[in-house]
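See structure below.
The values are calculated or read from the model by the stated rules, or taken from the named source; none is laboratory data. What you see is a predicted model, and the numbers here were worked out from it, not measured in a lab. Virtual Cβ from ideal backbone geometry, glycine too; neighbours counted across all protein chains shown. Surface areas here come from the heavy atoms of the whole protein model, side chains and all, with no ligands, DNA or RNA. Shrake-Rupley method; radii C 1.70, N 1.55, O 1.52, S 1.80 Å.
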Amino acid sequence: MSNNREKLFTEFKAPTTQEWLDKIEVDLKGADFNKRLVWRTNEGFNVMPFYRREDVLKLKTPESLPGEFPFVRGNKKNDNTWYIRQEIDVKDAREANAKALDILNKGIDSIGFHFHADMVNAETIETLLKDIRCDIVEVNFSTCKRHSVELAKLLVAYFEKQGYDKEKVVGSIDWDPIEKMVMKGKDMTEVLAVAPQLIDVLKDYPQFRCITVNTVALNNAGAYIVQELGYALAWGNEYLQQLTDAGVDIDLAAKKIKFNMGISENYFMELAKFRAARMLWAQIVKQYEPKCDCACKMCVNAITTKYNQTLFDSYVNLLRSQTEAMSAALAGVHSMVVVPFDAAYEEATDFSERIARNQQLLLKEECHFNTVVDPGAGSYYIEHLTDSLATEGWKIFLKVEEEGGFLAAVKAGTVQDDINATNIKRHGDAAKRKEFLLGTNQFPNFTEKSEGKRAKACYCGCGQQEEAPLKKIESTRLAADFEELRIHTEETRVPTAFMLTIGNLAMRQARAQFSCNFLACAGYKVVDNLGFKTVEEGIDAALEAKADIVVLCSSDDEYAEYAVPAFKYLNGRAMFVVAGAPACMDDLKAAGIENFIHVKCNVLETLKEYNQKLGI
């Protein structure tokens, strides 16, 4: 069989890149190659429609091996196993312990406990960790940053009491004062000074990390992938610089830093992001001259994003988070949290948490994503994305360093301004459908009601509400604007939009489908039709259906014939809308027609305008 294959390969000459380009040019029939096929990403670089071996030969990323510096191919050599982590908000320590023990029997091997400062005591720790083997299960803790040293001492006392092998205790304390500065505008500079003390408490536990870089917060605020990457490097380097300046050994300091990074919906780009992050972080740490390359390994806990979660059609969140989890798993992260699909509007239920766990278990037990190290390696496309993201992310890192480092940039507000600008742009793109949210601004469920669902408010766990002295990141989920509009319509009055389909069969059907999707984004009741012989017949049917809006759906050429007679016959008895942007639009506007919906519309603003006109 192998001989036959070899003969087949020798019979066909491999086409050159230029031959491919020449063929593409013929198929494009004069269309511009760059405009039609080259993707200009939000990350600041172009992506070609195809890549070849020659494109990868000039890159450095394929030269390394798994588990070896610069760790672009991952920290692991033998397999791709990651910790499946679930978060628990602790209100009662006994209940939290019972829940932890339960989910440990359901496939979880990493737990994150979140509790308030008033629970930082020995009794809480004893109760929380009762019957949990901390030398087998990864344990992570989050509390008020001002009480983290106290928490670390309690944990060390508990681990010693239990007689654990210090080499086998894996976990972390989520200590990241800079996150409060970025997200809440609070000046936490004084808290930063305790970092060396925190590390000293945990120095004998090599796999227990206590300095965190929470760029998942930027991800949840809408940051582009390259922004999260670049700022993660600068954020981590800020802690590394402060620790070494305080006299902490570089090997110890680097091994105590953990990154909590988000995962957005861009499947291959996210996979490449984690590869690029490991490579660049290794290079940064290397400049501090650690004794061992193992200090250059980047430890990443990946968390699926909340930014693209939706309140309506919420089961689509499962599709989003599943592909996000796939990206992180294939990228070789240390651990992962899949955010439950209902997180946008309610406290997670037993059902949603179970599904979130099973999403990772499916990838491990059925898809075997845990068996192959760095399966994306050698892919021309992924190697190109890795290199391009590394290049653009490094530019952001250098820019921040030129501003005096991440802390200085945060105090100046440049980081917050950058992320806020991106968030505003993305909301604008969603309003214009340049960025799709299935079930929200594109292909909504026509009949779905909110049924009391409301967006969950974000709150600060420490309970302090003092005025923020620094700039902060202002963000809402991408779907929030459409959800607010749809709920307002539902609570006030749901108008009926009637499709007056006439003329060219293909065009009227396409226009009717477009219009139904467009208007249903605001929760309107839409009535489609097979077609009418005359506009008068269609108008009569619309009025009989008590329509508030009549949408004329036909071809551009036929609007010159149908639009004005239909508008005049309707005579103001309902709002009149033309589906499309025909060449005769100016003539139609001169006749008094003012409402047109088409692909260039700002969907959100148009629907708000229609609500206002309808008195909703």
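Computing Rg and the Kirkwood Rh from the Cα coordinates of the range 122-184 gives a ratio, Rg/Rh, of 1.02.
Within the range 491-616, the percentage of alpha carbon pairs spaced more than 20 angstrom apart rounds to 36%.
Put a dot 7 Å past the Cα of His116, heading toward its Cβ, do the same for Ile136, and the two dots end up 3.4 nm apart. Size descriptors for the range 534-600 (Cα atoms only): Rg and Dmax, in that order, 11.1, 32 Å. Normalised per residue, the accessible area of the chain is 45 Å², obtained with a 1.4 Å probe and no contribution from ligands, DNA or RNA.
What do you get for GluC sites (Glu not before Pro) in the range 142-220 restricted to DSSP loop and a cutoff of at most 12 other Cβ within 10 Å of the site's Cβ? Filter output for the range 142-220: Glu167.
Taking the chain as the reference, fit the longest principal axis to its C-alpha atoms, fit the long axis of helix 316-331 to the helix C-alpha atoms, and give the angle between the two in degrees, 0 to 90, nearest 10. Its long axis makes an angle of about 40 degrees.
Pull up the cross-link candidates among the lysines for Lys91, meaning alpha carbon to alpha carbon under 24 Å and not fewer than 8 places away within one chain. Within reach: Lys99, Lys106, Lys130, Lys145, Lys153, Lys180, Lys184, Lys306, Lys453, Lys456. Scaling against 2.2 N^0.38 Å puts the C-alpha radius of gyration of the range 254-323 at 1.43. Our analysis of the range 1-111 gives Rg over Rh at 1.24, with the two radii drawn from alpha carbon positions and Rh computed by the Kirkwood formula.
With respect to the chain, whose longest principal axis is taken over its alpha-carbon atoms, helix 535-544 is tilted by about 60°. Counting only protein heavy atoms and a 1.4 Å probe, tell me what percentage of the chain's accessible area is made up of carbon and sulfur. Summing carbon and sulfur atoms, their accessible area is 51 percent of the total for the chain.
Length, then width, then depth: along the principal axes, the Cα atoms of the range 400-544 run 71, 35, 19 Å. Projecting each Cα onto the charge dipole of the range 344-413 (Lys/Arg +1, Asp/Glu -1 at the beta carbon, about the Cα centre), which of His368, Ala348, Ser379 comes out farthest on the positive side? The Cα lying farthest towards the positive end belongs to Ser379.
Model label sites at Thr476 and Val494, defined 7 Å from Cα along the beta-carbon direction, differ in position by 2.2 nm. Taking the square roots of 5 times each eigenvalue of the Cα gyration tensor of the range 118-254, largest first, gives ellipsoid semi-axes of 27, 17, 15 Å. Measuring max minus min along each principal axis, the C-alpha atoms of the range 575-616 give extents of 30, 21, 11 Å (largest first). Put simply, the Cα atoms of the chain extend 86, 69, 50 Å along their principal axes, the longest span coming first. What lysines could a cross-link reach from Lys297, if we take a straight Cα to Cα line under 20 Å and drop same-chain neighbours fewer than 8 places away? Filter leaves Lys60, Lys76, Lys77, Lys166, Lys168, Lys203, Lys255, Lys256, Lys258, Lys273, Lys286. Legend: Rg and Dmax of the range 195-278, from Cα coordinates, 14.1, 41 Å.
Counting only lysines at least 8 places from Lys533 when in the same chain, those with an alpha carbon closer than 19 Å to its own are Lys568. Against the main long axis of the alpha-carbon atoms of the chain, helix 225-245 sits at an angle near 20°.
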